[in-house]
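Data block below; observations after.
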Amino acid sequence: MRALLLATSIVVTSTATFAGTLSGDQIRTSLVGNTMVGVQDGSRYEQYLDPSGTIIGSAGADDYFGQWKITGNQICFYNTSKSADWDCSTVMLRNDQIIFEDGTTATLQRIAR
């Protein structure tokens, strides 16, 4: 996916599993307050979606910050070092597989709170 969404796995604490496109509330329940872990441009990254709307991430030895928001039934990401615009996508969740609008997938790894 674009910018911040090239994830191979997402570490989350939610135990919810939804069929079809997630609503804004379901996105909030499943992703917010959790960390996405993946590979982008050959480098491993982690990014935490803080409930305040801040993204706290690291890629290799570099730390970065950005913003996220939910608009309707889409999650949107903003990182000034990657893009001048918000990058928004619908999200589907099938069992442990997250599927973004462009077909990029991620694996959901559930962690008990």
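The values are calculated or read from the model by the stated rules, or taken from the named source; none is laboratory data. Given the structure is predicted, the values throughout are model-derived calculations rather than measurements. Cβ sites come from the backbone with ideal geometry, for glycine too, and all protein chains shown count toward neighbours.
Points to keep in mind about this one:
- Strands (runs of 3 or more DSSP E) enclosed by region 1-64 - at least 1 residues per element that are aromatic (Phe, Trp, Tyr), closer than 20 Å to Cys88 by Cα and at pLDDT 60 or above: 43-49
- Ser89 being in contact with an Asp or Glu (Cβ under 9 Å, 6 or more places away or on another chain) and without any contact (Cβ under 8 Å) to a residue 60 or more places away in the chain: no
- Residue in region 52-67 that is within 20 Å of Ser23 (Cα to Cα) and either among the acidic types (Asp, Glu) or crowded, with 17+ Cβ neighbours inside 10 Å (or both) present: no
- Residues that are hydrophobic (A, V, I, L, M, F, W, C), without any contact (Cβ under 8 Å) to a residue 60 or more places away in the chain and surrounded by 15 or more Cβ atoms within 10 Å (Cβ to Cβ) were ranked within region 69-86; the one that is nearest to Gly20 (Cα to Cα) is Ile75.
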